[in-house]
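The values are calculated or read from the model by the stated rules, or taken from the named source; none is laboratory data. In this text the structure is predicted, and so the values were computed from the model without any measurement. Because the Cβ atoms are built from the backbone with ideal geometry, glycine has one as well, and the counts that use them run over all protein chains shown. When the accessible area is computed, the model is the full protein with side chains, heavy atoms only, and any ligands, DNA or RNA have been set aside. Shrake-Rupley method; radii C 1.70, N 1.55, O 1.52, S 1.80 Å.
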Amino acid sequence: MAIREILTDKDPALHKKCHPVTQFDEKLGLLLDDMKETLAHANGAGLAAPQIGILRRVVVLLDNNDEMLELVNPEIIAQEGEQDGLEGCLSVPGYYGFVKRPMKVKVRAQDRSGKWFEAEGEEIVARCFCHETEHLDGHVFTEHADRLYSAEELDQLAEDRQGGKDR
């Protein structure tokens, strides 16, 4: 296993549509293992293959139990509700934005051996399903956010909101 370099938003690979995985072999297993190690090292919630320069439809993310979920050729098959929350991305380091996402999402995907399965997630996991599958189509969360905030700006927002509650 190896920790891979995470590309930033300026890299053209992040804006390209990924190809479906058709070979379920040792090479795919190594990719998934590297992605899981890279995600853990970066302390993120999810990682899509194009973020490490691989234009394949592969995602790893943390589920509700903080366990790594591997999604090969994922597709969102159901969604319901709505949440508006803060979102960030390992490929857009240091910046965050408010993005509307579904509250609950169901995906259909293949595992590393090619077997199809379904998984559901709510709140942050639903957000990750949407965020990471969008990477596979060449999109980044910044396309949905009205504006981006630095960590310092978010701290100031939180402080301002807290100050308003105390008055």
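Heavy-atom surface analysis with a 1.4 Å probe gives the chain a carbon and sulfur content of 47 percent of its accessible area.
Taking the chain as a Gaussian network, Cα atoms linked when under 10 Å apart, which of T38, T22, T133 shows the biggest mean-square fluctuation? Maximum among the listed residues: T22. The residues of the chain have, on average, 56 Å² of accessible surface per residue, using a 1.4 Å probe with all protein chains present.
Which angle from 0 to 90°, rounded to the nearest 10, does the C-alpha axis of helix 124-135 make with the longest principal axis of the chain? Orientation of helix 124-135: about 60 degrees from the principal axis.
In terms of its C-alpha gyration tensor, the stretch 78-124 has an oblate overall shape, because the principal axis ratio a/c (a ≥ b ≥ c, square roots of the eigenvalues) is not below 1.5 and a/b does not outweigh b/c. Each residue of the stretch 78-89 is assigned a 3J(HN,Hα), and the resulting list reads 7, 8, 8, x, 8, 9, 10, x, 6, 9, x, 7 Hz, derived from the Karplus form 6.51 cos²θ - 1.76 cosθ + 1.60 (θ = phi - 60°), x at Gly and Pro. Shape of the stretch 1-96 from the C-alpha gyration tensor: rounded (a/c under 1.5, with a ≥ b ≥ c the square roots of its eigenvalues). Just report the Cα centroid separation between the stretch 64-82 and the stretch 17-36, whole Å. Measuring centre to centre over Cα atoms gives 17 Å. When the residues E87, E120, E82, E70 are ordered by accessible surface, computed with a 1.4 Å probe over the protein chains alone, the sequence from largest down reads E82, E120, E70, E87. Mind checking which of D63, D84, D146 has the largest fluctuation in a GNM of the chain, springs on alpha carbons under 10 Å? Maximum among the listed residues: D146.
Between Q156, C130, F141, the Cα set farthest toward the positive side of the dipole of the stretch 103-156 (charges on each charged residue's Cβ, about the Cα centre) is that of C130.
For the stretch 74-167, the alpha carbon positions stretch 55, 25, 20 Å along the principal axes, listed from largest to smallest. Based on C-alpha pairs under 8 angstrom that are at least 6 apart in sequence, the chain has a relative contact order of 24 percent.
Overall, the stretch 1-142 carries a charge dipole of about 460 debye about its Cα centre when +1 sits on the Cβ of Lys and Arg and -1 on the Cβ of Asp and Glu, all other atoms neutral.
Taking the Cα atoms only, what angle lies between the long axis of helix 26-42 and the longest principal axis of the chain, rounded to 10 degrees? For helix 26-42, the angle is close to 20 degrees. Multiplying the residue separation of E153 and K10 by 0.36 nm and removing their Cα-Cα distance gives an extension gain of 49.3 nm.
Translational diffusion of the chain was estimated from the Stokes-Einstein equation, with Rh taken as the Kirkwood radius over Cα pairs; at 25 °C and 0.890 mPa s the coefficient is 149 µm²/s. Estimated purely from DSSP H runs of n ≥ 4, each contributing -39500 (n - 2.57), the mean residue ellipticity at 222 nm for the chain is -9000 deg cm²/dmol once divided by its residues. The lysines whose alpha-carbon is closer than 19 Å to the alpha-carbon of K27, local same-chain residues fewer than 8 away aside, are K36, K115. Taking the radius of gyration and the Kirkwood hydrodynamic radius from Cα positions alone, what is the Rg/Rh ratio for the stretch 35-77, to two decimal places? Taking Rg over the Kirkwood Rh, I get 0.96.
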